[in-house]
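The values are calculated or read from the model by the stated rules, or taken from the named source; none is laboratory data. Note that the structure is predicted; figures quoted are calculated from it, not measured. Glycine gets a Cβ as well: all are built from the backbone with ideal geometry, and neighbour counts include every protein chain shown. Side chains included, ligands, DNA and RNA excluded: accessible areas come from the protein's heavy atoms. Shrake-Rupley method; radii C 1.70, N 1.55, O 1.52, S 1.80 Å.
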Amino acid sequence: MNSNDTILITYREALKQAVREALHKDEKVFLMGEDVGRYGGAFAVSKGLLQEFGPERIMDVPLSENGFVGAGIGAALGGMRPIVEIMTVNFSLLAMDQLVNNAATLLHMSGGQLNVPVVIRMSCGTGRQLAAQHSHSWEPLFAHIPGLIVLSAGTHEDARHMLPMALQSADPVIIFEYTAMLNMEKDMPGNTSDFNINKAMVRKPGKDISIITYGAGVYKALDAAAALATMGVEAEVVDLRILRPLDKDTAFESVRKTHRALLVEEAWATVNISAEISACIMENVFYELDLPVQRLGGVEVPMPYAKHLEDASLPQKEDIVERVKKMLQHD
Amino acid sequence: MTDEEIKHVVVELFKKIAPDTEPEKLAPDDDIRHTLEIDSFDALQFVVALDEHFGIETPEEDYGKIATMKNLIYYIQQKKTRLPT
Amino acid sequence: MIEFNMPSLGADMEAGTLREWLVKPGDKVKRGDIIAIVETQKGLIDIEVFDEGVVNQLLIREDEKVPVGTVMALIANGEKGTGKTLQRLGKETETGKPVEEWQPVIAPHLVKASPLAKRIAAEKNIDLQTVKGTGEGGAITKEDVEKAAAQKAVMNEIKPPATESIRMAVAAAMSKSNREIPHYYLQQKIDMRKALAWLVEANKLRGVKQRLLPVVLLIKAVAKALTAVPELNGYWENGFRHKDEINIGFAISLRSGGVMIPAIHNADKKTLDELMTALNYIIPRARAMKLKSSELSTSTITITSLGEANAELVYGVIYPPQVALVGFGSIIEQPWAEQGMLDVRPVITATLAADHRATDGATGSRLLMYINNYLQKPELL
Amino acid sequence: MSLDCRKEIFQHLNNNVKMSNIIEIKPVHTIDQVHGMQLLYQMMRIRRFEEKSAEMYTKTRIRGFLHLYIGEEAVAVGVMQALVADDNILSTYREHGHALARGIDAPVIMAEMYGKMQGCCRGRGGSMHLFDAGKKFYGGNAIVAGHLPIAVGMALASKKQNKQNITCCFFGDGAVAEGAFHESMNLAALWSVPLLMVCENNLYAMGTAIRYSHAVQELEKKGAAYGIGSVAVNGMDVLEVERAAREAVERIHTTGRPFFLVCNTYRFRAHSMFDAELYRDKSEVEEWKKKDPIQALQKQLLNEQLVTDEDVQRLSHEIEQEVQAAVDFAEAGTWEPVEELSRFVYSDQRKPA
């Protein structure tokens, strides 16, 4: 792609443009969430939108996660196109009943009669010293649930373009957005003609090892791959993007090429997305493997506050580089 | 079994062990190992084959009794009649 | 007649105990009447009747425990019954299908290799047992198999199964040997009386198929001698490289001309029976020219044995990069002087051709002495 | 309602709420013959359908949980008179009565409980999850109070789209103890949405009596606390329920605000089929059975000579045939092929790229 076709943008601005565009395009779309209006969004993503669209379309809601997420589901059933923002993924636990028992089940329980076209946005991730109750990586939790579509916006491109795609889905979509990336400025491809929310993406091609990741792991993996390149290792970085229904084929394709896989994510390693991908690799492309699949996940501890402990509990770029070196060192 | 039938089987056995020889051309009194250039290993294979096909155990001291085709056929006939069928 | 059954009040109810009948035969009952009290794990539950009629017969006594569905009473209704007996759900799915014939295929786990390495090995017909792993913990990786495959391809090129090319390969190797290796030769006559006598006795204990040939004694004697004289077991590659494994290359002459020299691995550690088994495995395949490249490339020394009715002694040509070759002539009867007495003994002449760059005559001589000594004590072989 | 109680409620009211939120429904004594027969027919039909369901349950034709509405029929039938086809309805797991009163055919309900493909949800829902999008009947929800936030959202959608329909949400006294109830009441009032919240107070949350669940047992007071118009009525009297519901719906239309209708009622049957009812006395059940809503209406109609015994017999006979037809339909139904198992997890329109 030509460099003229990229746009320099912050992750926050990408998110905001997506919401703004959706509100302009379809009058049935409205944004509801805690402090999305007068406050301007807890992370300033929706700043200014209240003034532009008014309180009917930028709805501040009380601190009732179960209530307003359920209301979002109801509004979707009633013909609207709600975007529900849960301020942080940590509070989504209070809305779990609505997400699991209603959003995910109504289509099936009704024998195909009812669609729930609701989009839930959640700010999430770690790395800002917010300690145990505000640093959750709940992607695996939601990816476990049939009936939900679970997206992880690990790049600026996805921050900008996943939402419009999600609003075309007849089924409930959960989008994970990453707080730690909000201020990050990146070049984003301007051309979106082949954009989709069905396929994982190879963010950097390589032939020696597949680093399969998503969300906050994507940029870390790309940085690690750049470092590895200086050592003569061509790592391929796969961004899973769609955590349910998981696009396994892209991962398999990559393993067929490199024959080695390192799975990276911030969520606790036990029963995480990597565990699922690893099992799928065993089931489907076992005979492509030249090394055992390896994982780098979060250390299994409630997130500590102190910076050095927080850093140590998450897979970092250096950890990825070290692990890859170890995997490839045997000759 | 007639002598001819035994000879036929024996020839087949030799052909299997030493495919590039022509055991059917052996004269009754030719020294088999010498004529066919069979070494001790092939000879042992042949004794094993005799055991498998005719149920005849050939002790090492009898190796001299099976050196020619004539003797070999006689030896087999003798051994066979001695065995209960 | 209508059947009144022990009702199923939940999937977790399997049986109930009748505690009390609230009706007796002859009583009229109508839909919704409570006619029995049944005890379940959740306590006493009133049981209603869904039909109308006259109680004809009570089939279950009070305090009797019966499974769900058991007929507890018969109720007579003048007209045709509405409560036709319904089959229990689920039965229809249990009807006996023929049991599928199924045999598990469980291959033994023999080598430590990556799945990809295994797949490539299968595709390229490489025996993983012969591939050395360089991966984690000695695991065979894709690269290892591909290396082995490349080697095999080379071997196949120099060893097409045509007699002529075997002749050419032997010619090339022997020319190289004669050109590059400064050979020295030693020879030693060996009395085989004890060895052959021991063999006759040993073979009496064995079935036809287990019989040993004299050559296995020779092989084992050489192998054991090499453990005492390791300087002759190895390669000359810019200097002598000793090999720990004693892999004996055994020269097999092909009827159509040429020789093949497959290796008998770890010959010093094999019993005589195992050596015989190895020969039984190798010789027919060598003659059929079906040897694997690895079997041809791993020997650390060569033995050539002429067998019976042949020349008395052989001066061999070393197979490079090996540094020694042991030759055995035919066993022939010869006059033999021992302790001032003359006797006739079966005698074999052992020869050694050795690379003078690697060893000197004294070393070679020690090897022949050891071989002789071992053949005098066959029971120790 | 005592005066003391009212004072207490007003003390809790938000200052912004100007009107009195506890409403009284004036009794009406006249009844139209045809309408009276209609109400009686609907209640009798629900009861007979459920008795048959219980029978089929004991014979293992129906499985899972089966919660019977017997005794509470007046609530569903009464409230439903006030609703029109465009209104949304959400209910609980004790919803056969609501489904039938809403007009979902008995055979497809029975087939659903049998787990057959001809059921209203193709056997995916069962007794606790009856849905009919065409009838705007949104379940059949088995997490207590889980559907209340959805009802708020549906009402919100109507408001945003300037639709004239309202949303009616049925739930029990147990739900009132859930956080979702309080969040929903707050949101509904805050957003002023056209929502009728109908609490069927049958005095028991499964086996726990209301006195063990609620510090304040006059549940209508909880609506007032959110500034929502609230009234409690005799849920054993279908005419009173109907009148209250009609007035409530009218207020919702005129004010655009939600309304909270508490129907005090009683379930004659156990919570579900497998229940020894250790938590209540048989005498209490017998007392309530004297207030049977079907008997009460029947008696009133006979007294006022609006129906005859023969009319009732004829109704009963028709219902018997209808219910038997539902069973026959369910029996004759077929199982959905297992190959279809994974359908309806995602919409068919979402195809892999």
Evaluation of D:Leu190 against (1) buried (at least 19 other Cβ atoms within 10 Å of the Cβ); (2) within 14 Å of chain A (Cβ to nearest Cβ); (3) in a helix (DSSP H, G or I) (one fails), failing number: (1)
Flag if C:Met72 is touching a residue at least 60 places away in the same chain (Cβ under 8 Å) and open to solvent by 40 Å² or more (accessible area, probe 1.4 Å): no
Criterion: small (Gly, Ala, Ser), within 14 Å of chain C (Cβ to nearest Cβ) and either over 30 Å from D:Lys160 (Cα atoms) or touching a residue at least 24 places away in the same chain (Cβ under 8 Å) (or both) - qualifying residue of D:Ala245, D:Ala270: D:Ala270
From the options C:Asp360, C:Asp355, residue that is at pLDDT 90 or above and surrounded by fewer than 19 Cβ atoms within 10 Å (Cβ to Cβ): C:Asp360
Among (1) touching a strand residue (DSSP E or B) at 6+ places or on another chain (Cβ under 6 Å); (2) at the interface with chain C (Cβ under 9 Å from one of its Cβ atoms), the one test that B:Ser40 misses: (1)
Only one of A:Glu300, A:Glu310, A:Glu266, A:Glu283 that is out of contact with any strand residue (DSSP E or B) (no Cβ under 8 Å at 6 or more places or on another chain), open to solvent by 10 Å² or more (accessible area, probe 1.4 Å) and among the charged types (D, E, K, R): A:Glu283
Residues being more than 8 Å from chain D (Cβ to nearest Cβ) and assigned to a helix (DSSP H, G or I) - total across the range A:41-70: 6
Boolean, D:Gly103 is on the phi > 0 side of the Ramachandran plot and more than 9 Å from every other protein chain (Cβ to nearest Cβ): yes
Any hit, the range A:163-184, residues being hydrophobic (A, V, I, L, M, F, W, C), open to solvent by 10 Å² or more (accessible area, probe 1.4 Å) and at the interface with chain D (Cβ under 9 Å from one of its Cβ atoms): yes
Enumeration of residues in the range C:176-199 that are assigned to a helix (DSSP H, G or I) and open to solvent by less than 60 Å² (accessible area, probe 1.4 Å): C:Ser177, C:Ala195, C:Leu196, C:Ala197, C:Leu199
Residues of the range A:17-31 satisfying the condition of being within 14 Å of chain D (Cβ to nearest Cβ), in contact with a Leu (Cβ under 9 Å, 6 or more places away or on another chain) and not aromatic (Phe, Trp, Tyr): A:Leu23, A:Asp26, A:Val29, A:Leu31
In the range C:108-142, the residues that are more than 7 Å from chain A (Cβ to nearest Cβ), of a type in the set (S, T, N, Q) and either open to solvent by less than 20 Å² (accessible area, probe 1.4 Å) or not in a helix (DSSP H, G or I) (or both): C:Asn125
The range D:286-319 - residue that is among the β-branched types (Val, Ile, Thr) and part of a loop (DSSP other than H, G, I, E, B) and, of those, farthest from the chain's Cα centre (by Cα): D:Thr308
Some residue of the range D:241-256 being more than 21 Å from the chain's Cα centre (by Cα) and either hydrophobic (A, V, I, L, M, F, W, C) or crowded, with 20+ Cβ neighbours inside 10 Å (or both): no
Number of positions in the range C:164-183 that are touching a residue at least 12 places away in the same chain (Cβ under 8 Å) and among the basic types (Lys, Arg): 2
Number of positions in the range C:1-19 that are modelled with pLDDT of 90 or more and open to solvent by 80 Å² or more (accessible area, probe 1.4 Å): 1
So B:Val47, is it more than 13 Å from chain C (Cβ to nearest Cβ) and buried (at least 17 other Cβ atoms within 10 Å of the Cβ): no
Residue satisfying condition, being out of contact with any Pro (no Cβ under 9 Å at 6 or more places or on another chain), within 14 Å of chain B (Cβ to nearest Cβ), within 25 Å of C:Arg357 (Cα to Cα) and modelled with pLDDT of 85 or more, within set C:Thr300, C:Thr304, C:Thr227: C:Thr304
Residue within the range C:262-276 that is in contact (Cβ under 8 Å) with a residue 60 or more places away in the chain, within 13 Å of chain B (Cβ to nearest Cβ) and either farther than 28 Å from C:Lys176 by Cα or acidic (Asp, Glu) (or both) present: yes
Condition broken by A:Arg20, with the remaining ones in (1) without any contact (Cβ under 8 Å) to a residue 60 or more places away in the chain; (2) under 22 Å from the mean Cα position of the chain (by Cα); (3) under 28 Å from D:Leu148 (Cβ atoms) satisfied: (3)
Candidates D:Ser347, D:Ser342, D:Ser316 - the one that is open to solvent by less than 40 Å² (accessible area, probe 1.4 Å), within 14 Å of another protein chain (Cβ to nearest Cβ) and of a type in the set (Gly, Ala, Ser): D:Ser347
Qualifying residues in the range C:40-69 (those that are touching a residue at least 60 places away in the same chain (Cβ under 8 Å) and open to solvent by 30 Å² or more (accessible area, probe 1.4 Å)) - the one nearest to C:Phe4 (Cα to Cα): C:Gly69
Output for the range A:187-223, where each listed residue is in a strand (DSSP E or B), open to solvent by 10 Å² or more (accessible area, probe 1.4 Å) and at pLDDT below 95: A:Asp187, A:Pro189
Some residue of the range D:49-63 being in a helix (DSSP H, G or I), β-branched (Val, Ile, Thr), within 14 Å of chain C (Cβ to nearest Cβ) and open to solvent by 10 Å² or more (accessible area, probe 1.4 Å): yes
Check on A:Gly78, facing chain D (nearest Cβ under 7 Å), under 21 Å from the mean Cα position of the chain (by Cα), of a type outside the set (S, T, N, Q) and closer than 19 Å to D:Ser158 by Cβ: no
Selected residue [touching a helix residue (DSSP H, G or I) at 6+ places or on another chain (Cβ under 9 Å), at pLDDT 95 or above and not in a strand (DSSP E or B)] from A:Phe286, A:Phe252: A:Phe252
Subset tally (residues that are assigned to a helix (DSSP H, G or I), touching a Ser or Thr at 6+ places or on another chain (Cβ under 9 Å) and surrounded by fewer than 16 Cβ atoms within 10 Å (Cβ to Cβ)) for the range B:1-35: 2
A:Ala180 of a type in the set (Gly, Ala, Ser) and either without any contact (Cβ under 8 Å) to a residue 40 or more places away in the chain or not in a loop (DSSP other than H, G, I, E, B) (or both): yes
